[in-house]
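Beneath this line is the structure, given in structure tokens, with notes to follow.
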Amino acid sequence: MLNKSLVEDVLSAALVTGGDFSEVFVEDKYTNNMTYQSSRLEKSISGRDFGVGIRIFKGLQSVYAYTNDFSKDGLLQAANTAAKAIEGNQTQRNILLPAEKRMVDTNHPVKFAPTKVKKARKLNVLRKANEIITNYDPAISQAIIRLLDEEQNVLIANSEGTFVEDKRTRTRLVNVAIASNGSDMQTGFYGPGALQGFEYIEGLDLDHYAKESARIAVTMLHADPAPSGKFPVIIDNEFGGVIFHEACGHGLEAAAVAKNNSVFANKEGEKVASDLVTYIDDGTLKNEWGSINIDDEGEKARRNVLIENGILKGYLIDKLNGRRMNAASTGSGRRESYKYAPTSRMTNTYIEPGESTPEEIIANTESGIYAKYMGGGSVNPATADYNFAALEAYLVKDGKIDKPLRGATLIGNGAETIQKVDMVGNNLGHGAGMCGASSGSVPVNVGQPMLRVSEITVGGREA
């Protein structure tokens with residue numbers, strides 16, 4: 001992507017005004033986005049983006065610049081411009097990179113790279129999913145299917161001797177079903193994805209994922225309004241983990257912790273959750289959507305235990321915030337592209353399975369709410385206060401799932417909710433999503449088994 005001597009020159013130029021760390025991030029990315037809507041191919045966009053990001057540290061000061069000009073003059077100019085923002089003495093540092101750049105070993109095999117698969121083959125999958133959704137029920141008024149895939153090649157080098165290349169291939173199929181009865185509309189969604197090639201799409205059980213999106217839409221079309229009040233709430237596996245991702249996971253990122261903008265700051269070794277909760281961030285899970293070989297600072301992916309049996313064990317740490325915390329990186333520095341400086345971010349974050357079966361959790365709930373699928377929401381990272389909509393919910397009555405409910409919103413505080421988990425299931429599942437923060441939007445998995453929270457405020461119809 002860039003030769004060694006040029007990378008060394010750029011790293012050296014970035015340090016001439018007294019910086020103590022410099023980094024080059026080179027990205028060459030192919031993206032493809034196909035949308036099938038109203039029984040036809042509505043959009044098909046492919047593109048390639050190339051750029052270089054340059055970052056400099058001096059103590060806790062950080063400067064970032066990026067450019068699309070990858071000529072030697074262009075890169076040196078960008079490095080010199082960034083360096084001018086660093087106050088210090090004129091210096092000349094020798095950068096010693098390894099003799100050869102290292103291609104990162106991957107634990108995530110790819111069989112069919114997106115650039116090698118013809119669009120007609122991809123279109124065939126979209127047509128099949130569309131057919132399954134539209135034929136599910138007469139109430140289905142529209143199906144929207146999106147196929148997204150990308151190949152991202154990166155080179156990461158820094159003044160500490162890192163000099164590595166990595167290839168990331170991701171593929172996702174988003175199924176959206178809309179049901180209507182003339183006066184009301186409801187939407188169902190299911191969007192599986194993987195750190196894998198087109199073989200992942202061809203291996204998907206389309207009948208399951210497409211039908212499930214349609215079933216959600218039709219079921220919610222005939223649901224009763226949700227009640228309001230405080231209830232025990234059963235949250236199902238997979239994307240149910242989005243609440244803890246947002247309300248707890250972000251509070252465990254060093255970007256918040258290092259500045260004391262988190263309710264979990266300075267609480268290592270303290271009890272912050274139910275004894276039943278062990279919370280993990282693991283970027284090494286094979287071919288999972290949020291997995292990585294290395295992070296965007298060149299650090300190897302790893303399994304980070306954040307909370308163990310309710311005790312806070314650690315945080316997700318990037319290089320800059322690690323300096324602020326006097327702590328080592330946990331392989332958690334991530335960014336959307338070369339246009340962003342990295343910061344601490346999640347990968348695959350989940351609650352480990354417990355010993356209860358889903359049937360036991362439901363049978364032991366005399367009255368409450370069952371949130372089968374979670375939708376979008378919002379959270380204040382500094383306080384962990386959250387507000388999330390349930391995409392599909394049910395009343396639980398006498399230990400059984402009763403009528404479907406729509407309009408259920410879960411309102412609470414993540415730091416409190418994670419302490420009120422009183423049953424954890426054995427059916428761990430992961431759900432694919434995109435997470436936005438200061439370093440852009442990155443692929444993440446959220447996950448958990450079915451679990452029960454003893455009390456959450458549910459917003460719905462006034463009693």
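The values are calculated or read from the model by the stated rules, or taken from the named source; none is laboratory data. This structure is a prediction, so every number in the text was calculated from the model and none was measured. Cβ sites come from the backbone with ideal geometry, for glycine too, and all protein chains shown count toward neighbours.
Points to keep in mind about this one:
- Checking each residue in region 434-463 for being outside any loop (DSSP other than H, G, I, E, B), touching a residue at least 40 places away in the same chain (Cβ under 8 Å) and surrounded by fewer than 21 Cβ atoms within 10 Å (Cβ to Cβ) picks out A437, G440, S441, S454, E455, T457, G459, R461.
- L391 farther than 30 Å from R335 by Cβ and either under 15 Å from the mean Cα position of the chain (by Cα) or in a strand (DSSP E or B) (or both): no
- Residue check, Y315 in the same structural domain as K259 (by TED's automatic domain parsing) and either over 18 Å from S454 (Cβ atoms) or without any contact (Cβ under 8 Å) to a residue 60 or more places away in the chain (or both): yes
- Within region 323-335, the set of residues being part of a loop (DSSP other than H, G, I, E, B) and surrounded by fewer than 19 Cβ atoms within 10 Å (Cβ to Cβ) comprises N326, A327, A328.
- Of all residues in region 43-77, exactly one satisfies the criterion of being without any contact (Cβ under 8 Å) to a residue 12 or more places away in the chain and surrounded by 14 or more Cβ atoms within 10 Å (Cβ to Cβ), namely Q77.
- Breaking point among (1) without any contact (Cβ under 8 Å) to a residue 12 or more places away in the chain; (2) not in a loop (DSSP other than H, G, I, E, B), for H250: (1)
- I411 meets each of the listed conditions (1) surrounded by 19 or more Cβ atoms within 10 Å (Cβ to Cβ); (2) of a type in the set (V, I, T); (3) touching an Asp or Glu at 6+ places or on another chain (Cβ under 9 Å) apart from (1).
- The set of residues in region 432-458 that are under 12 Å from V233 (Cβ atoms) and not hydroxyl-bearing (S, T, Y) comprises M450, L451, R452, V453, E455, I456, V458.
- The criterion of at least 2 residues that are touching a Phe, Trp or Tyr at 6+ places or on another chain (Cβ under 6 Å) and closer than 30 Å to L410 by Cα is met, among strands (runs of 3 or more DSSP E) falling completely within region 129-240, by 163-180.
- Whichever residue in region 370-403 is β-branched (V, I, T) and modelled with pLDDT under 95 and, among such residues, is surrounded by the most Cβ atoms within 10 Å (Cβ to Cβ): V379
- Selected residue (only one of I54, I95 is in the same structural domain as E199 (by TED's automatic domain parsing), assigned to a loop (DSSP other than H, G, I, E, B) and hydrophobic (A, V, I, L, M, F, W, C)): I95
- Looking across T115, T134, T67, one residue alone is closer than 29 Å to G333 by Cα and out of contact with any helix residue (DSSP H, G or I) (no Cβ under 7 Å at 6 or more places or on another chain). It is T115.
- Candidates P342, P358, filtered to the one that is in the same structural domain as G251 (by TED's automatic domain parsing) and surrounded by fewer than 24 Cβ atoms within 10 Å (Cβ to Cβ): P358
- One residue alone among N287, N261, N293 is surrounded by fewer than 24 Cβ atoms within 10 Å (Cβ to Cβ), touching a helix residue (DSSP H, G or I) at 6+ places or on another chain (Cβ under 9 Å), within 28 Å of V24 (Cα to Cα) and of a type outside the set (D, E, K, R), and that residue is N287.
- Filter result for E308 (under 24 Å from N266 (Cβ atoms) and not hydrophobic (A, V, I, L, M, F, W, C)): yes
- Among residues of region 14-31, those that are assigned to a strand (DSSP E or B) and either surrounded by fewer than 16 Cβ atoms within 10 Å (Cβ to Cβ) or touching a helix residue (DSSP H, G or I) at 6+ places or on another chain (Cβ under 6 Å) (or both), counted: 3
- Every test in (1) under 20 Å from E27 (Cβ atoms); (2) free of Cβ contacts under 8 Å to residues at least 12 places away in the same chain is passed by S337 save one, and that test is (2).
- All of N130, N158, N124 fail the test of being surrounded by fewer than 20 Cβ atoms within 10 Å (Cβ to Cβ), farther than 21 Å from G433 by Cβ and modelled with pLDDT of 95 or more, apart from N124.
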